[in-house]
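Encoded as structure tokens, the structure appears first; notes follow it.
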Amino acid sequence: MSLVEAIRLERHYALGHGRVLRALDGVDVAIGKGETLGLVGESGSGKSTLGRTLVGLQQPTMGNVRFDGIDPMTADRATAQLLRRRRQFVFQDPSGALNPRMTLGATLTEHLRVQGWDRSATRARVPEVLEQAGLGAAFAGRYPHEISGGQRQRAVIARAISTDPDFIVADEPVSALDVSTRAQIINLLRRLQSLRGLTMLFISHDLSVIAHSCRRVAVMYLGRIVEIAPREALFKEPLHPYTAALLSAIPLPDPPRERRRRRIILSGETPDPTDAPQGCRFHPRCPIATEMCRRVDPQISMLAPDHGVACHHPGKIAARAEPATG
Amino acid sequence: MASLLDVRNLSVSFGRNPAVDGVSFTLAERETLGLVGESGCGKSTTALALMRLTHHARIEGEARFGERDLMRLDDGAMRRVRGSEIAMIFQDPGTALHPLIRVGEQVADVMRAQLGISAAEARARALELFRKVGIAAPEQRLRAYPHELSGGMCQRVMIAAAIACSPRLLLADEPTTALDVTVQAQILELIREVSSEAGMSVILITHDLGVVAGMTDRVAVMYAGRIVETAATDRLFAQPMHPYSRGLLGAVPKLDGGWDEELTTIPGTVQGAALQGGCRFAPRCPLAGDMCRRDPPLEEIAEGHFVACWKAR
């Protein structure tokens, strides 16, 4: 049973002069109750837009979001408010996401009050969530500048879980953090997820972070999901050439293996999203593109019950390069 | 191997706070050294001090580069070293390039200033360099402004400018941190190519242990302004001896398994570490004992493997 669903979701931005950026260009995805779905992709792939649209920070241009069977766009006010409580967002940059002139306690209180919690329940809740986020109740009196980056991210997480949501989108929650702090936050999110049975969309450009946080992974490229599969399948036998290249591009902290590895070096960079290529949008950078790829836009198809891929030649490239795992 | 650079007891302080505190290392000809550590550990400051680009900083110690001590060169001599003998590339190529000057001109300017060649010749060489660093349609790109190019393309321009005068030492400060992973792979490949072709030595500053693993011959791990461990890259990854190096390696999420286990973490934060006496890592260290109140010297525990830890010997 899926809790969150995107159905043919599109989100366009008008840039003026008739140019339109299609940040989401037909995304279908369903996230099951209690599941953490990982979402990877490079800058401009639309992963943040998908996350923001799923929690209602942005409206879709076309298509629908369904949350627990309800379409938030057509829900009445009371239901909409309830849905806001149940869907929360963890931002990438914890410094920018906290008001510098408010103590953590004041930030949490404001958030809870806006979400309709009464005064006494709020007062009891603030120290509780600070504790759960690994900060301790004493942090309620601190200002963001008085604490470290890792602690700020814990505060942002505390705010997100304070309304006891069912669904959290974590948008690059550890990208701004150092290695040692990053590990703490990954562990915290994982603990909270399993403890509370949270459903989560975990957005990251870093596949190794995704591997440690999610059991199922979706790969985005230029506004589309190009591959979606359980992490074991995706990492060991990627079917889309972009996934294979992404995996092979990640530097491994293992010197002998790094020297042996043959990489799939893609040419060029992600094309301008306002002018996506005809046919398969990956074909200009794809080492195995054929005439068909230049003409026909591949739709996602299920090659195994849980493994979808949008490619005319799935699996052809993985055989050529050493996979990143194994 | 002859050493190209010999840094001894380098300290850099801004006001009362030391950002780099008594750092010593050598760099051989053709060697690539990785400087790793978390934000604030002093790795970028070390590189900027070598280039004498720190503002309002008090610098002590020496950095012998061939016959000269970089820290004691007068400004004119230092200006001639920058670009022609030591070049640097930065994390954010978008801001490191001048926004209002065409990128081809910026590369040509370096050569005109350092090599004293004519504008026409500098332009011709810039075109050649653009080809070499893999910029598509180089004739048109010469005339582009930085904002018209992608991050990866800007970094290629930076690299073209850096290698324009065939320097002997390249300082690369997080050169791929701002780039996407597929572009990072391209740029790392390019740095590897140009440095080995020209026989350049490289100091690669990064927080990414994966990048270090593939790119460097030797690694120095920094913590709170000091080098706490240095060894050949293979050895450091196989047998890290300093508890901080171990913690750092353990905290990296792996791509190939152990996915459901908790990641090892280093408790606490680095804040305030530079101000305390004795071993700076002691407050976060699982092994810390009484002796750690004294400052551990960087000592050789095996050939080429230096560690600053009382417990690791």
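The values are calculated or read from the model by the stated rules, or taken from the named source; none is laboratory data. Because the structure is predicted, anything quoted here is derived from the model rather than measured. Counting neighbours? That spans all protein chains shown, and the Cβs are built from the backbone with ideal geometry, glycine included.
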Note: among B:251, B:220, just one is of a type in the set (A, V, I, L, M) and within 14 Å of the chain's Cα centre (by Cα), namely B:220
Answer from A:37, A:50, A:15, A:21 - the residue that is in a helix (DSSP H, G or I) and either surrounded by fewer than 22 Cβ atoms within 10 Å (Cβ to Cβ) or among the hydrophobic types (A, V, I, L, M, F, W, C) (or both) | A:50
Here the residues within region B:249-258 that are more than 7 Å from every other protein chain (Cβ to nearest Cβ) and modelled with pLDDT of 85 or more are B:250
Please go through region A:200-223 and pick out each residue that is of a type outside the set (A, V, I, L, M, F, W, C), closer than 17 Å to residue A:169 by Cβ and either more than 9 Å from every other protein chain (Cβ to nearest Cβ) or in a helix (DSSP H, G or I) (or both).
-> A:204, A:213, A:216
Answer yes or no: is there a residue in region B:95-113 that is within 14 Å of chain A (Cβ to nearest Cβ), closer than 28 Å to residue A:206 by Cα and in contact (Cβ under 8 Å) with a residue 24 or more places away in the chain.
-> no
Give B:81, B:36 a once-over and let me know the one that is surrounded by 18 or more Cβ atoms within 10 Å (Cβ to Cβ) and over 20 Å from residue B:218 (Cα atoms).
-> B:81
Residue that is farthest from residue B:248 (Cα to Cα) [pool: residues in region A:188-197 that are surrounded by fewer than 19 Cβ atoms within 10 Å (Cβ to Cβ) and within 11 Å of chain B (Cβ to nearest Cβ)] = A:194
State yes or no: is residue A:164 over 29 Å from residue B:222 (Cβ atoms), touching a strand residue (DSSP E or B) at 6+ places or on another chain (Cβ under 9 Å) and among the acidic types (Asp, Glu)?
-> no
Under the condition of being more than 7 Å from chain A (Cβ to nearest Cβ) and either surrounded by fewer than 23 Cβ atoms within 10 Å (Cβ to Cβ) or of a type in the set (Val, Ile, Thr) (or both), which residue from region B:223-240 is farthest from residue B:299 (Cα to Cα)?
-> B:238
Considering each residue of region A:147-185, count those that are outside any helix (DSSP H, G or I), touching a residue at least 40 places away in the same chain (Cβ under 8 Å) and either under 18 Å from the mean Cα position of the chain (by Cα) or buried (at least 22 other Cβ atoms within 10 Å of the Cβ) (or both), and give that number.
-> 11
Scanning for something under 24 Å from residue A:273 (Cβ atoms) and of a type outside the set (Lys, Arg), does region A:72-85 turn up at least one residue?
-> no
Mind checking which residues of region B:259-296 are facing chain A (nearest Cβ under 8 Å) and within 19 Å of residue A:191 (Cα to Cα)?
-> B:259, B:262, B:263, B:264, B:265, B:266
Could you grab me the full set of residues in region A:24-34 that are part of a strand (DSSP E or B) and at positive phi?
-> A:26
Do the conditions hold for residue B:75, that is, is it under 20 Å from residue B:167 (Cβ atoms), modelled with pLDDT under 95 and out of contact with any strand residue (DSSP E or B) (no Cβ under 9 Å at 6 or more places or on another chain)?
-> yes
By my count, helices (runs of 4 or more DSSP H) wholly in region A:236-320 with at least 1 residues that are of a type in the set (A, V, I, L, M) and at pLDDT 90 or above are A:241-249, A:291-295
Can you give me the number of residues within region B:270-283 that are surrounded by fewer than 19 Cβ atoms within 10 Å (Cβ to Cβ) and in contact (Cβ under 8 Å) with a residue 24 or more places away in the chain?
-> 1
Has region A:242-262 got at least one residue that is in contact with a helix residue (DSSP H, G or I) (Cβ under 9 Å, 6 or more places away or on another chain), basic (Lys, Arg), in contact (Cβ under 8 Å) with a residue 60 or more places away in the chain and more than 9 Å from chain B (Cβ to nearest Cβ)?
-> yes
Region A:131-146, subset closer than 15 Å to residue A:185 by Cβ and surrounded by 19 or more Cβ atoms within 10 Å (Cβ to Cβ), residue nearest to the other protein chains (Cβ to nearest Cβ) | A:135
Meets criteria (modelled with pLDDT under 95 and under 17 Å from the mean Cα position of the chain (by Cα)) for residue B:231 | no
If the Cβ limit is 6 Å and pairs must be 6+ apart or interchain, which residue in region B:130-154 that is away from chain A (no Cβ under 14 Å) and surrounded by 19 or more Cβ atoms within 10 Å (Cβ to Cβ) pairs with which residue that is modelled with pLDDT of 90 or more and part of a loop (DSSP other than H, G, I, E, B)?
-> B:146/B:97; B:146/B:99
Could you check residue B:116 against (1) among the small types (Gly, Ala, Ser); (2) surrounded by fewer than 19 Cβ atoms within 10 Å (Cβ to Cβ); (3) within 14 Å of chain A (Cβ to nearest Cβ) and say which number it fails?
-> (3)
Within the bounds of region A:212-233, is there any residue that is surrounded by fewer than 21 Cβ atoms within 10 Å (Cβ to Cβ) and free of Cβ contacts under 8 Å to residues at least 40 places away in the same chain?
-> yes
